[in-house]
Amino acid sequence: MDYWIIEIFTSIQGEGDVIGTPSNFIRLAKCNLRCVWCDTTYSWEKGTRMTLDEIMAQINNNVKTTTITGGEPLLQDIFPLVRRLKEEGHKVIVETNGTIPPKKELLELVDVFSVSPKLRNSGHKLSYDKVEWATYYKFVILNEEDLKEVSSFVSQRRIDPKKVIVQPDGRREDYVNALRELSTQVMNLGLPFRVLPQLHRIISVR
């Protein structure tokens, strides 16, 4: 089984429910979206074709958590890759935009699905189902209107607010201020969502 790969590296997980966890990262090539604030536009490229054995040879086996990300990783058949990682004792996290539902066999293997539905601020107007397979949801927030859109998204789909994470625009040079502003907006609106940073915006972890 071959995959189109952008990069493989080991670092600290910078966001979501698993923030702060040492992890291998396998960034798969290509994406079905073109979000205006995307911070990994290089993942839209074709990448390098690699076999499963070649990928595994680059994994740090002393780190037993591996994140499969993109781009949009579910554009490729990641089941053989996930199965191989699980056979070698890895916890597997898949970061996805939620537009491509995973097959049942993949749902049974993956430990964490980090799902980032795209709001209108992404430049897209997408229709999502409940995405019941999500372990948690992450939303990029540019302004207060985005928070109201998230609130509507969550209430319409009866999503548990405990599974919802909001984070500020990673393009902001004053990132700490952006984080502070978002925290204030969440409190002022009385929303039950968690505010978390992207850790790699604050410290260099790679």
Original post:
Are any of the residues in the range 21-43 among the small types (Gly, Ala, Ser), under 15 Å from Val92 (Cα atoms) and crowded, with 16+ Cβ neighbours inside 10 Å?
Top reply: yes
Per the list (1) more than 18 Å from Cys38 (Cα to Cα); (2) more than 19 Å from the chain's Cα centre (by Cα), residue check on Lys163 breaks on (2)
Per the filter on the range 168-187, residues at pLDDT 95 or above and polar (S, T, N, Q) are Ser183, Thr184, Gln185
Exactly one of Glu72, Glu54 is acidic (Asp, Glu), touching a residue at least 12 places away in the same chain (Cβ under 8 Å) and either farther than 24 Å from Trp133 by Cα or surrounded by 13 or more Cβ atoms within 10 Å (Cβ to Cβ) (or both), and that residue is Glu72
Flagged in the range 134-143 as buried (at least 16 other Cβ atoms within 10 Å of the Cβ) and either without any contact (Cβ under 8 Å) to a residue 60 or more places away in the chain or not in a strand (DSSP E or B) (or both), in numbering order, are Ala134, Thr135, Tyr137, Phe139, Ile141, Leu142
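Please work out which residue is nearest to the chain's Cα centre (by Cα), limiting yourself to the range 75-98 and to residues that are in a loop (DSSP other than H, G, I, E, B) and buried (at least 19 other Cβ atoms within 10 Å of the Cβ).
Asn97
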Notebook entry, point to check: When you look at Val164, is it in contact with a helix residue (DSSP H, G or I) (Cβ under 8 Å, 6 or more places away or on another chain) and at pLDDT 95 or above, yes or no?
Noted result: yes
Residue set Glu173, Glu105; condition exposed (fewer than 14 other Cβ atoms within 10 Å of the Cβ), out of contact with any strand residue (DSSP E or B) (no Cβ under 8 Å at 6 or more places or on another chain) and farther than 25 Å from Trp37 by Cα; output residue Glu105
Within the range 41-66, of all residues that are assigned to a helix (DSSP H, G or I), within 22 Å of Gln13 (Cα to Cα) and not aliphatic (A, V, I, L, M), the one modelled with the lowest pLDDT is Thr41
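Is it the case that Asp77 is closer than 21 Å to Leu109 by Cα and of a type outside the set (S, T, N, Q)?
yes
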Of the residues in the range 144-166 that are of a type outside the set (D, E, K, R) and touching a residue at least 40 places away in the same chain (Cβ under 8 Å), the one that is surrounded by the fewest Cβ atoms within 10 Å (Cβ to Cβ) is Ser151
In the set Lys46, Lys91, Lys64, Lys86, the lone residue that is closer than 13 Å to Leu28 by Cβ, out of contact with any helix residue (DSSP H, G or I) (no Cβ under 7 Å at 6 or more places or on another chain), in contact (Cβ under 8 Å) with a residue 12 or more places away in the chain and among the basic types (Lys, Arg) is Lys46
Determine whether Leu126 is modelled with pLDDT under 95, assigned to a loop (DSSP other than H, G, I, E, B) and more than 24 Å from His200 (Cβ to Cβ). yes
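Filtering the range 173-200 down to residues that are hydrophobic (A, V, I, L, M, F, W, C) and outside any helix (DSSP H, G or I), which residue is farthest from Phe139 (Cα to Cα)? Outline the logic, then answer.
To start, the set of residues in the range 173-200 that are hydrophobic (A, V, I, L, M, F, W, C) comprises 176, 178-179, 182, 186-187, 189, 191, 193, 195-196, 199.
With the extra rule that they be outside any helix (DSSP H, G or I), the set shrinks to 191, 193, 195-196.
Numbers: Leu191: 14, Phe193: 10, Val195: 10, Leu196: 10 Å.
Per the stated criteria, the residue is Leu191.
The values are calculated or read from the model by the stated rules, or taken from the named source; none is laboratory data. Keep in mind that this is a model prediction, so the values were computed, not measured. Cβ atoms come from the backbone with ideal geometry, glycine included; neighbour counts cover every protein chain shown.
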